[in-house]
Amino acid sequence: MQLRSPIVFILFIALSARIAAAVGLQYVLDSHLHRSFLIEGDANGYWELAQHLARGDDFAIHHPLRYALRMPGFPTLLASSMLVFGENFLAARIVLSVVGTLGVWLVYLLGKELFDRRIGYWAAGFTAVSPLLVGFTPLILAETSFATAMLLSLWLGNRLKRSVDSQASVVAILRGSVLTGVALALACMMRPSWILAGPIFAILMLFFSSGKVRATLAGTVAVASMVGVLLPWGFRNQQVTGHFTLTTFWMGPSLYDGLNPNATGDSDMRFFDEEALSTKMGEYEVDREYRRRAWEFARQQPGKTAQLAWVKSVRFWKPWPNAAQFDRWTLKLVSALFFLPLCFLAGWGGWALRGQLWSVALLAGPVLYFCVIHMVFVSSLRYRLPTEYPLAVLASYGLARLVSGRRLFDPSDSESDVDVSSGN
């Protein structure tokens, strides 16, 4: 990476903006709000789990102890910060700023390899300064770290498909498959709902690749590698809870949070503490009980379930945050000024690329994937934010196509650095 390259400047802006947001947030929390986290709840749990890891204690919180409440990826990242800088909130937020900046770099790489350098620059530039992406980065929540891991899996997955299509050696394909699987697992370690992306990726690889045998091999090895990385976590869960899972035993309560007689589409976990099932059952049994209740509600009240799905989709696509603490017209205006053009340009780019559905699936697939998931589970802008990183690549292509008025990318061109301005 040359020091005079535009991407260096973009990454400098991205890191500076995120560190400034981290410092500003910490000042507001310390001096005005007098609390540790802007969005409490999940953040408290992540921080406590990280403390346990850093101190060498059990990866468990609450009473009775819950051992498979969260995936270990994000708490491990926080624990790493604690081991180096101590239990310092600002230091952890700056570490997250670096992780978020890495995500901006991966956006550039994804745009460059799918299209050309200019698309990569534009997409990285958008994600570098997007107010919500910048502002969300220093929060003690897993979204930004997941976004970076997800982008890594998308970038490696695209490189793997190129290897398959270019008739690369079997060794190269196997190496790319393993790396893609590891990246998928890393993203799952941050957000367990990404686990279905592995099989979906394998199916898309088979459908869109020219070499079906190599594509089958690549997809199978990628999924096997993902599962292989997650297996130690699954065996650990078997050991400490008596039941095996590659993810967590929190799906049941989360599902019931979104599908119950009092559900609104927003999260309201008061039922969990009020019913206190965890004092009468193990984690696995609590998970199964709430799953049963949620699906029973969906079967008995399909109309209410459909209505909730609509409400959740509106919350997911809302241009500004849903939470009352962010109910300011200035924040709404700034958020809308960035998100609405992003959606329009991404739609334009998707239409322009309708003959190249692999690129569309790679870039728009994540936002559609999580939209569907959060039409079942509770929903908010928070769950959409990670998907805006790859969506920015599609929007940048849409912008370039809108400006030029002609085709910009020839899929038969094996080079990643296609000159946008020339129309090649």
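Each value in this text was obtained by applying a stated rule to the coordinates, not by laboratory testing. All of these numbers come straight from a predicted model, not from anything done at the bench. Neighbour counts are summed over all protein chains in view; Cβ atoms, including those assigned to glycine, are modelled from backbone coordinates with ideal geometry.
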By the mean-Cβ-within-10 Å protection proxy, highest first, 82-88, 119-125 rank as 119-125, 82-88
Rotationally averaged projected area of the chain (alpha carbon convex hull; nm²): 21.7
How do 356-363, 137-144 rank on mean C-beta neighbours within 10 Å, highest first? 137-144, 356-363
Would you mind ranking 48, 388 by Cβ crowding within 10 Å, fewest neighbours first? 48, 388
What is the spin-label model distance, in nm, from residue 98 to residue 323 if the labels are put 7 Å beyond Cα along the C-beta direction? 2.6
Quickly estimate the mean residue ellipticity at 222 nm for the chain, helices only: each DSSP H run with n ≥ 4 gives -39500 (n - 2.57), and the total goes over all residues, rounded to 500. -23000 deg cm²/dmol
Please arrange 343, 188 by how many other C-beta atoms lie within 10 Å of their C-beta, fewest to most. 343, 188
Relative contact order, percent, of the stretch 143-244 when contacts are C-alpha pairs under 8 Å separated by at least 6 residues? 31
Could you tell me which trypsin sites (Lys or Arg not before Pro) in the stretch 263-308 are loop residues by DSSP with no more than 14 other beta carbons within 10 angstrom of their beta carbon? 280
Counting every Cα pair in the stretch 187-342, what percent are over 18 Å apart? 72
Assertion target for 27, 397, ordered by fewest C-beta neighbours within 10 angstrom first, is 27, 397
Under 5 Å between amide hydrogens, which residues at least 5 positions from residue 61 or on another chain qualify, with H placed 1.01 Å from N in the peptide plane? 66
Measure off 7 Å from each Cα along the Cα-to-Cβ vector at residue 300 and residue 404, then give the distance between these two points in nanometres to one decimal. 5.8
Binning at 5 angstrom from zero up to the longest distance, how are the C-alpha pair distances of the stretch 143-244 distributed in percent? 2, 15, 23, 22, 16, 11, 6, 3, 1, 0
May I ask you to derive the relative contact order of the chain, considering only C-alpha pairs under 8 Å and at least 6 residues apart, and to give it as an integer percent? 17
Inter-part distance where the stretch 197-230 and the stretch 64-107 are each reduced to a Cα centre, Å: 29
Starting from a Cα-only point model with no solvent, please compute log10 I(q)/I(0) by Debye for the stretch 58-105 at q = 0.17, 0.21, 0.29, 0.33 1/Å. -0.61, -0.80, -1.02, -1.11
Need the C-alpha centroid separation for the stretch 266-320 versus the stretch 1-61, integer Å. 29
